Amino acid sequence: MADEERKDVQTRFKKGQSGNPKGRPKGRKNNTGLLSDAFFKNVRIKDAQGVRSVPKIVAAAEVCLNNALKGDLRSFAKAMEIADKFGLLKPGSIHQEITHITRTIVDPRDPDKT
């Protein structure tokens, strides 16, 4: 038995050869990359200005802010948390001057039914 080789020695990797020669496929993403792709995938939004394309995360933030303006306290708290995190609430962070004032009246009735 000392003269014959064991079976596992015959099936082992050859010298200088990697244990996984093909390795991980190129272009394969981890969970962070997959989530990033999901958040920043563009969606089309139809609003008063027409149709525009924005990332999903921006659309979600706009929905959250719109719900906050309607009186949803949880959405308001989340919108304030996001604004604080990005430093939007600090004094002097808004540098826009008022150039005109527009008054908009919204009629809740459906214009097609009148």
Under 25 Å Cα-Cα from LYS29, which lysines qualify once same-chain neighbours fewer than 8 residues away are excluded?
LYS41, LYS56
Going 7 Å from the Cα of PHE40 toward and past its Cβ, which residues in region 48-73 have a backbone nitrogen under 13 Å from where you end up?
55-58
Might you tell me the accessible area per residue for region 1-86, computed with a 1.4 Å probe and given in Å²?
95
How would you order 60-68, 36-44 from highest to lowest mean count of nearby Cβ atoms within 10 Å?
60-68, 36-44
Theoretical gain in end-to-end length, GLU4 to LYS29 [0.36 nm per residue, Cα-Cα removed]
4.4 nm
I'd like the FRET efficiency for ILE105 and ASN67, computed as 1/(1 + (r/R0)^6) with the beta carbon distance as r and R0 of 22 Å, rounded to 0.05.
0.50
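The values are calculated or read from the model by the stated rules, or taken from the named source; none is laboratory data. What you see is a predicted model, and the numbers here were worked out from it, not measured in a lab. Note that each Cβ is placed from the backbone with ideal geometry, even for glycine, and that neighbours are counted across all protein chains shown. The protein model used for the area step is the full one, side chains on, heavy atoms only, and it has no ligands, DNA or RNA in it. Shrake-Rupley method; radii C 1.70, N 1.55, O 1.52, S 1.80 Å.
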